[in-house]
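This report refers to the structure that appears directly beneath it.
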Ligand SMILES: [Zn+2]
């Protein structure tokens, strides 16, 4: 059996949905997963691990961070990113860089508009 070619529009929608789910999941009980049942925590952690393994395979790698550190400065904009209970610091920084960081956002927008110019 061969795998059908991936539909990029559908793939992007799935990526967005997965991101949204992670945001919701990470913030359950204000980010304190210990308030949930052990079964819930286990299932959520399994989903998180799979999700971040999939992200690692994508083009924007998480920025490596010291796992014992509790906060790190964003290398692009200098904002201090703090670890939350349910995620490691590298994940928190990855979220900042990919979703919040204004410097990274500007860089991505510039790259996207340059790609558009090349196509036209
Ligand atoms: Zn930043």
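Please go through region 72-107 and give me each residue that is within 12 Å of the ligand (Cβ to nearest atom) and over 15 Å from the mean Cα position of the chain (by Cα), ordered by number.
72, 73, 75, 76, 77, 78, 79, 80, 102, 103, 106, 107
Which members of region 10-26 meet the condition of being over 14 Å from residue 47 (Cα atoms) and either loosely packed, with under 10 Cβ neighbours inside 10 Å or in contact (Cβ under 8 Å) with a residue 24 or more places away in the chain (or both)?
The answer is 10, and nothing else.
Using beta carbons and a limit of 6 Å, which pairs, at least six apart or on different chains, have the first residue in region 69-81 and under 12 Å from residue 92 (Cα atoms) and touching a residue at least 24 places away in the same chain (Cβ under 8 Å) and the second one assigned to a loop (DSSP other than H, G, I, E, B) and within 8 Å of the ligand (Cβ to nearest atom)?
Filtered contacts from region 69-81: 74/101.
Among what's in region 108-120 and is closer than 23 Å to residue 54 by Cβ and surrounded by fewer than 11 Cβ atoms within 10 Å (Cβ to Cβ), pick the residue that is farthest from the ligand (Cβ to nearest atom).
Among those that are closer than 23 Å to residue 54 by Cβ and surrounded by fewer than 11 Cβ atoms within 10 Å (Cβ to Cβ), it is 112.
Where a number appears in this text, it was derived from the coordinates with a stated rule and is not lab data. Predicted model, so just to flag it, every value in this text is computed and none were measured. Don't worry about glycine lacking a Cβ; one is built from the backbone with ideal geometry, like all the others, and counts go over all protein chains shown.
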